[in-house]
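Engineer: Below you will find the structure I want to go over with you.
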Amino acid sequence: MDQDIHEKVSSYLRNQLAQAPARLKAYTVDNDGKSYFKKNATLILEKHLRNYTLQRKEPRWVTVAGLRGAGKTTMLAQIFTDLNCAENCKLYVSLDEATRVLGIGLKDILIVYEEVLGFVYEKLGSPVYLFIDEVQYEKEWGLILKSLYDRTKNVFIFCTGSSAVSLQTNPDISRRAVFEKLYPSSFTEYILFKYRKLQIPNLGSNIRDAIFNSSSAIEVYSKLEKLKPEVNKYWSGIDRLEIDKYFRYGTLPFTLQYTKEPIIYEQISRTLTDVLTKDIPQLGRFDQGTINKLDQILYAISGSNIVALRPMAEKFSMSVNTLVDVLSALEKAEVLLRIYPFGSHHGQVTNPSKYLFLSPAYRAMFFNLIGSTYSYDNYKGALLEDAMGLYFSRILGLRFGASLTYDFKNSGADFIISFESKKIVVEVGYGEKNFTQTENTMKRIDAAYGLSISPTKLTLSKDEAMVKIPLSYMLLI
């Protein structure tokens, strides 16, 4: 490292060590100085940190991926701020700022930080904690951190990025780092952050058990019926209009600092612009013409979930292969959630996939900001489907062998949840939902039971094969 670069990195590190604690503290409190509540994922990461600090237990390298705006930086700030250790023992670095803007490499930062500590990493006498935000801006981040990890057991590494796929599949971190995914906020997290109202202990897990682990619709209904008093207790004092606000923007926690919806959608639009201009180029080799069409493609998807590749490729004057790569990059960046058609591998390739927004706030932004003539009543069903896709993907992501598909045939159900031993058919929507689409799909596949999710009453179908589940239950899982 030449002298000019060394001085540049040294100056940057001095500023970070001096100013980062105050800067990050600002991410952890609201305008009244009250500490933000923590996401469930943050509590999991804190447990890893405690186990290492107190007992030197693995893991000591945790990698977190999540959509921009989901709260990754706030999560790191909360953990960083709460961590008490010796002077200079913790370092926060945003590679979005250091590498992309200032041109400072992670390797050089770690070399100079070693000088600041006064010891080579192998001879550290006490733990050092690294918080590396937006690692995807350093091409060799995995190799650099792997080398540091192997040199010493006295360094604990947190790193975040915007692509679960690229982080999780990096060969340099396999067998070393634990991977965690930070999803957009659940409804109970939204209410917790906004009104400081706690979830009732075990209620969410009991509802999940009823919905996913029952053997029949009768069992689902019976378990949920017993939970009605607790569900009603949670909803006491909560305006049901909060459901609409949650769907429109509440999945992205940063929106809670604003009170006017036009400003909220402007901020969501800026976040999406960062994804399209900063993250997507990291995930695929696209020319500028293709990059310029990304928001138009997303706008088209916001009006129709089912993506027929050839017509859409022709609409945007690109090859089918390029469109496939674009959709894959948007999926990797956590913007879109791909739902494959139910069936054989051949059928999943030949039939169109459904693309939901991992955060319904992005779909709502397109309808409110771009000037669509659709009213909220026209598209709120699509926001509900996005939200249920988010919920199902979060829950099923923890289960080995589980999958989420949809019935692509006429009048088919929105989701088919498959476990190794059973299938559950799910239809979602507003208005007075009947069991028709759920029943149609159940006739085509060997399903254990069917579910219809909407603002309705808990109801068991006459043939006792399906259950209507109110949103007041589903939003608590």
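Engineer: So residue 1 fits all but one of (1) within 23 Å of residue 136 (Cα to Cα); (2) touching a residue at least 40 places away in the same chain (Cβ under 8 Å); (3) in a helix (DSSP H, G or I); what number is the exception?
Structural biologist: The single condition residue 1 does not satisfy is (3).
Engineer: So which residues in region 423-477 are surrounded by fewer than 22 Cβ atoms within 10 Å (Cβ to Cβ), without any contact (Cβ under 8 Å) to a residue 60 or more places away in the chain and among the charged types (D, E, K, R)?
Structural biologist: 423, 432, 433, 439, 443, 444, 446, 457, 462, 463 - these are the residues of region 423-477 that are surrounded by fewer than 22 Cβ atoms within 10 Å (Cβ to Cβ), without any contact (Cβ under 8 Å) to a residue 60 or more places away in the chain and among the charged types (D, E, K, R).
Engineer: In region 202-227, what residues are touching a helix residue (DSSP H, G or I) at 6+ places or on another chain (Cβ under 6 Å) and among the polar types (S, T, N, Q)?
Structural biologist: 214 - this is the single residue of region 202-227 that is touching a helix residue (DSSP H, G or I) at 6+ places or on another chain (Cβ under 6 Å) and among the polar types (S, T, N, Q).
Engineer: Looking only at region 305-344, which residues are under 16 Å from residue 409 (Cα atoms) and either exposed (fewer than 14 other Cβ atoms within 10 Å of the Cβ) or outside the structural domain of residue 288 (by TED's automatic domain parsing) (or both)?
Structural biologist: Across region 305-344, the qualifying residues are 308, 344.
Engineer: Might you check whether a residue that is assigned to a strand (DSSP E or B) and buried (at least 16 other Cβ atoms within 10 Å of the Cβ) occurs anywhere in region 32-47?
Structural biologist: Taking region 32-47 and keeping what is assigned to a strand (DSSP E or B), we get 35.
Still in the list and also buried (at least 16 other Cβ atoms within 10 Å of the Cβ): none.
No, there is no match, as no residue in region 32-47 is assigned to a strand (DSSP E or B) and buried (at least 16 other Cβ atoms within 10 Å of the Cβ).
Engineer: Just a yes or no: is a residue in region 113-120 farther than 19 Å from residue 9 by Cβ, without any contact (Cβ under 8 Å) to a residue 60 or more places away in the chain and either not basic (Lys, Arg) or not assigned by TED's automatic domain parsing to the domain that holds residue 89 (or both)?
Structural biologist: No, region 113-120 has no match at all.
Engineer: Identify the residue in region 32-69 that is modelled with pLDDT under 90 and of a type in the set (D, E, K, R) and, among all such residues, is farthest from residue 86 (Cα to Cα).
Structural biologist: 68
Engineer: Still on this structure, please answer the following. Among the residues of region 214-239 satisfying the criterion of being assigned to a helix (DSSP H, G or I) and among the polar types (S, T, N, Q), which is farthest from the chain's Cα centre (by Cα)?
Structural biologist: Result: 222.
Engineer: State the number of residues belonging to region 200-222 that are crowded, with 17+ Cβ neighbours inside 10 Å and either out of contact with any Lys or Arg (no Cβ under 7 Å at 6 or more places or on another chain) or closer than 15 Å to residue 187 by Cα (or both).
Structural biologist: 9
Engineer: From (1) more than 27 Å from residue 359 (Cβ to Cβ); (2) assigned to a helix (DSSP H, G or I); (3) of a type in the set (Gly, Ala, Ser), pick out the condition that doesn't hold for residue 210.
Structural biologist: Result: residue 210 fails condition (1) only.
Engineer: Right, another one. Please go through region 76-108 and give me each residue that is among the β-branched types (Val, Ile, Thr) and either without any contact (Cβ under 8 Å) to a residue 24 or more places away in the chain or touching a strand residue (DSSP E or B) at 6+ places or on another chain (Cβ under 6 Å) (or both), ordered by number.
Structural biologist: If we filter region 76-108 for residues that are among the β-branched types (Val, Ile, Thr), which is where we start, we get 79, 81, 93, 99, 101, 104.
Within region 76-108, 93, 101 meet the criteria.
Engineer: Checking the structure you have, find out if any residue of region 320-338 is within 21 Å of the chain's Cα centre (by Cα), small (Gly, Ala, Ser), under 23 Å from residue 403 (Cα atoms) and assigned to a helix (DSSP H, G or I).
Structural biologist: yes
Engineer: What are the pairs, 6+ residues apart or on separate chains, where a residue within region 203-232 that is in contact (Cβ under 8 Å) with a residue 24 or more places away in the chain and within 18 Å of residue 465 (Cα to Cα) has its Cβ under 6 Å from a residue that is surrounded by fewer than 14 Cβ atoms within 10 Å (Cβ to Cβ) and of a type in the set (Asp, Glu)?
Structural biologist: 217/464; 218/464
The values are calculated or read from the model by the stated rules, or taken from the named source; none is laboratory data. Keep in mind that this is a model prediction, so the values were computed, not measured. Reconstructed Cβ throughout: ideal geometry from the backbone, glycine too, with neighbour counts over all protein chains shown.
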